[in-house]
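Here is the structure we will look at.
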Amino acid sequence: MQDFSTYISIDPERRFGKPCIKGTRIAVSGILKWLASGMTQEDILHDYPMLKKEHILAAFAFAAHRESIIKIVAA
């Protein structure tokens, strides 16, 4: 997924500016934490019926993009 901005927004008035799935208060970090804890995509989609598979893929794409632009500076 190249254009995650279709599904993700950052609004300082919502969830303290955390990246969220558009139209929800579900943060990208929440989706990633659920997956890291062992939930499957199907589990998440069942528990949060307003989400679609595209939203989960957008969360992955957003995280990958963020990781690719972060630079570590040695102290």
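Rule-based calculations on the coordinates, nothing more; no lab input. Note that this is a predicted model, so its numbers are computed, not measured. In this analysis, Cβ positions are derived from the backbone assuming ideal geometry, glycine residues included, and neighbour counts consider all displayed protein chains.
Annotation note: Cβ proximity below 7 Å between a residue of the stretch 56-75 that is more than 13 Å from A27 (Cβ to Cβ) and a residue that is assigned to a loop (DSSP other than H, G, I, E, B) (sequence gap 6+ or interchain) occurs for L57/M1; A61/M1.
The set of residues in the stretch 19-60 being among the small types (G, A, S) and in contact with a strand residue (DSSP E or B) (Cβ under 6 Å, 6 or more places away or on another chain) consists of A27, A58.
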